[in-house]
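**Student:** First, the structure itself, so that you have it in front of you.
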Amino acid sequence: MSEEINPELKEIILQRLITSKLPQNLRVSIGNTPQEPMTLQEVIEHVKKEDEIGNKIIKIQLSYLKALKEGVISKIQNE
């Protein structure tokens, strides 16, 4: 059974993806999925559906935001 995703956190993650400055031709691979690399729009759709890939993306984004909040990102950039 999958963990319930807070709708507000999901919306924050969606907005981060939608407003990102990533190039439109960027392709990403998530884990060991059989799918070919995905476009940013496909990633957004997976997050909206909260399917297996979408949940992985949400967890990755939440981990990043937590590290950002705790100052880990800043410490790494200042090394």
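Each value in this text was obtained by applying a stated rule to the coordinates, not by laboratory testing. Keep in mind it's a predicted model, so treat the numbers as computed, not measured. For neighbour counting, all protein chains shown are included, and Cβ atoms are generated from backbone atoms with ideal geometry for every residue, glycine included.
**Student:** Among the listed pairs LYS48/LYS69; LYS10/LYS49; LYS10/LYS59, which are separated by more than 22 Å between their Cα atoms?
**Tutor:** Among LYS48/LYS69; LYS10/LYS49; LYS10/LYS59, the Cα-Cα distance tops 22 Å for LYS48/LYS69.
**Student:** Net charge within 11 Å of THR39 by Cβ-Cβ distance, Lys/Arg positive one each and Asp/Glu negative one each, not counting THR39 itself?
**Tutor:** -2
**Student:** Counting Lys +1, Arg +1, Asp -1, Glu -1, what net charge surrounds ASP51 among other residues with beta carbon under 15 Å of its beta carbon?
**Tutor:** -1
**Student:** What's the extension gain from ALA67 to SER20 if we count 0.36 nm per residue and subtract their Cα-Cα distance?
**Tutor:** Stretched out fully, the ALA67 to SER20 stretch lengthens by 15.1 nm.
**Student:** Next question. Counting other beta carbons within 10 Å of each Cβ, put THR19, THR39 in order, fewest first.
**Tutor:** THR19, THR39
**Student:** Still on this structure, I have one more. Calculate, in nm to one decimal, what ASN78 and GLU52 gain on full extension: separation in residues at 0.36 nm each, minus their alpha carbon distance.
**Tutor:** Extending this stretch completely gives an extra 5.9 nm.
**Student:** Among ILE58, ASN6, ILE76, flag the residue with its Cα farthest along the positive direction of the charge dipole of the chain, charges on Cβ as +1 for Lys/Arg and -1 for Asp/Glu.
**Tutor:** Highest projection toward the positive end goes to ILE76.
**Student:** May I pose another question? Taking square-rooted eigenvalues a ≥ b ≥ c of the alpha carbon gyration tensor, is segment 1-53 rounded, prolate or oblate, where a/c under 1.5 means rounded and, failing that, a/b exceeding b/c means prolate?
**Tutor:** oblate
**Student:** Using Cα springs under 10 Å in a Gaussian network model of the chain, which residue among ILE58, ILE30, ILE44 shows the largest mean-square fluctuation?
**Tutor:** The residue with the greatest mean-square fluctuation here is ILE30.
**Student:** Given Cβ point charges of +1 (Lys, Arg) and -1 (Asp, Glu) and nothing else, what value in debye, to the nearest 20, does the dipole of the chain about its Cα centre take?
**Tutor:** Here the chain has a charge dipole of around 320 debye.
**Student:** Here's another thing I want to ask about it. Can you give me the long-range amide H partners of MET38? Hydrogens built in the peptide plane at 1.01 Å from N, cutoff under 5 Å, separation of 5 or more residues or another chain.
**Tutor:** Amide H to amide H, under 5 Å and 5 or more residues apart or across chains, MET38 pairs with VAL28, SER29.
**Student:** HN-Hα J couplings of segment 73-79 from phi, Karplus 6.51/-1.76/1.60, θ = phi - 60°, integer Hz, Gly and Pro as x?
**Tutor:** So the Karplus estimates, Gly and Pro as x, are 4, 4, 5, 5, 5, 8, 6 Hz.
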